[in-house]
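Student: Can you keep this structure in mind? I'll have questions shortly.
The values are calculated or read from the model by the stated rules, or taken from the named source; none is laboratory data. Given the structure is predicted, the values throughout are model-derived calculations rather than measurements. For neighbour counting, all protein chains shown are included, and Cβ atoms are generated from backbone atoms with ideal geometry for every residue, glycine included. We work out accessible area using only protein heavy atoms, side chains counted, and drop any ligands, DNA or RNA first. Shrake-Rupley method; radii C 1.70, N 1.55, O 1.52, S 1.80 Å.
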Amino acid sequence: MKTNVNLWWGTSWFSCVTITMKKLFTLFLVVGLALSAQNAFADHPGGPSDNGVQPIYVDGNPTCADLMGDDIEGLLEYRINEVGSGTFPTGDGTSVYIDVRPDKTFDWVASGMIVHSIFVKGGPAGNLYEYSELTNSDGGLHSPVNHKNGNYYGLSHISFCYVPGAPDIEITKTCTESQVLSDGEGGLLYEYDYRLEVTNTGTLTLYDIKATDITAENNSGNMGDHEHSIAMLDPSDPPVIINGTFTTAVNGPENHAKVEAATEQDGTPVVNDTASFQCPDQLVEAELTITKNCNVVVVNNNGAYGLKVNFGGEVCNESIVDIANVVVEDYTDADNPVFIENLGTLGAGACVPYNGSYVPTPGDGFEATDGFSLDGFYDVVKVTGEDADGVVVLPDSDDATCTLCPQCVDMEMCPTPASAIDLE
């Protein structure tokens, strides 16, 4: 029986010891995990912002001067103590907008300022977000991670470290008509002159400026011909003027241009602008010219002698467009043509001959000083045509004429010149 008692006690002692050791091991494990978790979250800034900026954990409550030093001229600090969503004016014409999220992160947008860094205070320390490139907005910023629960600390205050001002650029453009050309295949090309004006309208020096006439570029056979580079442009510099020329198959196109610039050499473009201008429609003028020569001869018509007029010449299309319904008419008075010929359509640059003859009707006679009579005759030739819009095309000079006065004894006895005939 004793043996059984001893054995029971022994077994009981062993069981109690075993249970105690398990509890201690579990306790040590829980405490160890807790300490590990605290160590894992201690001094941890958390993940990057939406723009990929990784925050730096900073102890205490530093100012922008403490964080950035005196390397940035004119650096200011705007501190938001009562953190909440809204727009916060700084008092110097700039402002920041903050949108606080339920998870204690926030988004921001700055206006009229260059943000160099943002310090987000929460708990015993804060996160420093430094922006090496020009940035006017970001999202997902937060305070450090609370080592007790793995969440972000509440937002105590937010300090914007900034310089007032911002980069900006402006482009304006104009487009003026130049000339209309033939494309050599029966079509037309419209040539235009353009003018770009690039101005630094911000407060920072701009670099690597590229101004492009988009319409000219799209109509160019060699891309890049109408992309113009400006190495640097200060805010105090006068506008840069750029002139160019392009051709297009469109009459009166809307002309578009763009410009972009960086705030550092070989940097990423951070500002841009666009402009448009309605180019004027170019008038395509159809132009006809006509020449004429006359040969007045004496003919025997069944024993009766009289005059006969042989005439001829050339009608030319001096324009780059076709002219339809080209008609030549020869008049000996203002109302009754003695000759009409329809030459049809004259192609651009084409010339067509014409010729004819008629027996003139005597006009008013007059007595020569030696007693014989001499009759005068009038002769005018004119040409008309129609352009693509159906507008009547007339020669750009006076109608071709010739004098019907063979071997005049005295020039004062010759007929009245053809200009005396009104064909309007």
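Student: Take the residues in segment 241-291 that are small (G, A, S) and closer than 30 Å to C316 by Cβ, then tell me which one is surrounded by the most Cβ atoms within 10 Å (Cβ to Cβ). Please lay out each step first, then the result.
Tutor: Keep residues of segment 241-291 that are small (G, A, S), which gives 244, 249, 252, 257, 261-262, 267, 275-276, 286.
Adding the requirement that they be closer than 30 Å to C316 by Cβ leaves 249, 252, 286.
Numbers: A249: 11, G252: 15, A286: 23.
Only one residue tops the list, namely A286.
Student: Mind checking which residues of segment 80-94 are at pLDDT 95 or above and surrounded by 13 or more Cβ atoms within 10 Å (Cβ to Cβ)?
Tutor: Passing the criteria: I80, V83, F88.
Student: OK, next. Could you please find all residues in segment 163-222 being in contact with a Phe, Trp or Tyr (Cβ under 8 Å, 6 or more places away or on another chain), of a type in the set (V, I, T) and buried (at least 20 other Cβ atoms within 10 Å of the Cβ)?
Tutor: T215
Student: Could you count how many residues in segment 232-250 are more than 16 Å from N218 (Cβ to Cβ) and either in a loop (DSSP other than H, G, I, E, B) or among the hydroxyl-bearing types (S, T, Y) (or both)? Before the answer, list the steps.
Tutor: Let us first name the residues in segment 232-250 that are more than 16 Å from N218 (Cβ to Cβ), namely 232-243.
Within this subset, residues satisfying the condition of being either in a loop (DSSP other than H, G, I, E, B) or among the hydroxyl-bearing types (S, T, Y) (or both) are 234-239.
So the answer is 6.
Student: In the list L189, L196, which residue meets the criterion of being modelled with pLDDT of 95 or more, over 30 Å from Y78 (Cα atoms) and outside any loop (DSSP other than H, G, I, E, B)?
Tutor: On the way: L189 fails: modelled with pLDDT of 95 or more.
One residue alone meets the criteria, L196.
Student: Next up: Output the residues belonging to segment 95-118 that are open to solvent by less than 20 Å² (accessible area, probe 1.4 Å) and not small (G, A, S). Don't jump to the end; show me each part of the working.
Tutor: Our first condition is that a residue be open to solvent by less than 20 Å² (accessible area, probe 1.4 Å); within segment 95-118, this holds for 96, 98, 105-106, 108, 110, 113-115, 117-118.
Answer for segment 95-118, where residues must be open to solvent by less than 20 Å² (accessible area, probe 1.4 Å) and not small (G, A, S): V96, I98, T105, F106, W108, M113, I114, V115, I118.
Student: Moving on. Here is a list: V53, V58. Which entry is open to solvent by less than 40 Å² (accessible area, probe 1.4 Å) and part of a strand (DSSP E or B)? Show your work before the answer.
Tutor: On the way: V53 fails: part of a strand (DSSP E or B).
Just one listed residue meets the conditions, V58.
Student: Next up: Do the conditions hold for E170, that is, is it modelled with pLDDT under 95 and closer than 26 Å to Q265 by Cβ? Even if it seems obvious, please write down each step before you answer.
Tutor: Details: modelled with pLDDT under 95: no; closer than 26 Å to Q265 by Cβ: yes.
Judged against the criteria, E170 is not a match.
Here's the yes/no breakdown for (1) small (G, A, S); (2) on the phi > 0 side of the Ramachandran plot:
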| residue | (1), (2) |
| --- | --- |
| H147 | no, no |
| H157 | no, no |
| V163 | no, no |
| K173 | no, no |
| T176 | no, no |
| L189 | no, no |
| D193 | no, no |
| G224 | yes, yes |
| A231 | yes, no |
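Student: Next question, about the same structure. Could you name every one of the strands (runs of 3 or more DSSP E) located completely within segment 265-347 that has at least 2 residues being at pLDDT below 90? Spell out the reasoning first.
Tutor: Numbers: elements: 271-278, 288-301, 304-317, 323-331, 337-346.
Correct list: 288-301, 304-317, 323-331, 337-346.
Student: Please work out if N310 is open to solvent by 60 Å² or more (accessible area, probe 1.4 Å) and either of a type in the set (A, V, I, L, M, F, W, C) or farther than 19 Å from S182 by Cβ (or both).
Tutor: On the way: open to solvent by 60 Å² or more (accessible area, probe 1.4 Å): no; either of a type in the set (A, V, I, L, M, F, W, C) or farther than 19 Å from S182 by Cβ (or both): yes.
Answer is no for this residue.
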